[in-house]
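Below you'll find the structure, written out as structure tokens, and then a few comments.
The values are calculated or read from the model by the stated rules, or taken from the named source; none is laboratory data. From a predicted model like this one, the values you see are computed outputs, not experimental measurements. Ideal geometry is used to build each Cβ from the backbone, glycine not excepted, and the neighbour counts take in all protein chains shown.
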Amino acid sequence: MEYKFDQAELAKVEYHINKYPTKKSAIMPILWMAQKKWGWLSKDIMMYIGELLGLPYSHVYGVATFYTMYFKKPMGKYHVQVCTNVSCMLLDGDKIYEHVSDRLGIKHMEATADGKYSLEEVECMGACGGAPMIAINEDFYEFVDIKKVDEIINSLN
Ligand code: FES
């Protein structure tokens, strides 16, 4: 499979590049665009981003592997992130994580066989005031419990 952005996406790449004094500074939003489009960042995709920015693969790989938000393998359509850091853990975040893991039959950074769900145990997501919390893709759900999390997962299609 050949990985290429379309014309509208390339215009967005230019937009990001023009925000910075050097081209390579645009790497993070462009990696994010690529992940949104293809679901994860394969070696071929990272090489393509490198071509766009005039960077070696090793540089792109270095950035992509430094940040956990970039997936280096295919993940689920719904990426469920459960915070088990202090504020959430004190309010059963760890039990919520175990429940979701058991329910979906997957562990940290695994995806279900049908590709619908993946799971990540995350550190503080800066929403301690709403602990315990989970995030699914880019949506935060605060003050959850196991019952509420089940309802949220049941509502996904
Ligand atoms: S500890 Fe869970 S959001 Fe901060």
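Where helices (runs of 4 or more DSSP H) sit wholly within region 41-144, those with at least 1 residues that are surrounded by 15 or more Cβ atoms within 10 Å (Cβ to Cβ) and away from the ligand (no atom under 15 Å from the Cβ) occupy 43-53, 57-66, 93-104. A residue that is surrounded by 17 or more Cβ atoms within 10 Å (Cβ to Cβ), modelled with pLDDT of 95 or more and touching a Lys or Arg at 6+ places or on another chain (Cβ under 6 Å) occurs nowhere in region 23-37.
Entry remark, region 120-137: residues being touching a strand residue (DSSP E or B) at 6+ places or on another chain (Cβ under 9 Å) and more than 8 Å from residue 82 (Cα to Cα) number 10 in total. Of all the listed residues (126, 105), the sole one being within 23 Å of residue 70 (Cα to Cα), more than 18 Å from the chain's Cα centre (by Cα) and without any contact (Cβ under 8 Å) to a residue 12 or more places away in the chain is 105.
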